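The next block holds one structure in the form of structure tokens; read it before the comments.
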Amino acid sequence: MRQMLTAAGFTGTRIEVKENAADIIKGWMPGSGAEKYITSAYVTAVKSADCKGVHVVPVDIAPVVLDTTGPVAAGC
């Protein structure tokens, strides 16, 4: 994920897995064991106002669940 954000022009990327991530996932699909394979994390990054030359290429990644309840800044 960090590489994808960097490729999209973001800097200062921080990915912090939530302490209670397993409990959050267990609540989504009780008894499934999904919490062994999926996590919930806070992701923060900075993108400059100058977005010239930035190209985003879709990349397959391992399952990662992002909490998007906070402010989200879209690309250019």
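Key figures for this structure:
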{"quantity": "For the stretch 1-51: rounded, prolate or oblate by the Cα gyration tensor [a/c cutoff 1.5]", "calculated": "prolate"}
{"quantity": "Inter-label distance, nm, simple model (7 Å from Cα along the C-beta direction), V46/A8", "calculated": "1.8 nm"}
{"quantity": "Other-chain or far-sequence residues with amide H under 5 Å of K18's (modelled H)", "calculated": "S40, A41, Y42"}
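A short reminder: the numbers here are calculations on the coordinates, not readings from a lab. Because the structure is a prediction, the values reported are computed rather than measured. Virtual Cβ from ideal backbone geometry, glycine too; neighbours counted across all protein chains shown.
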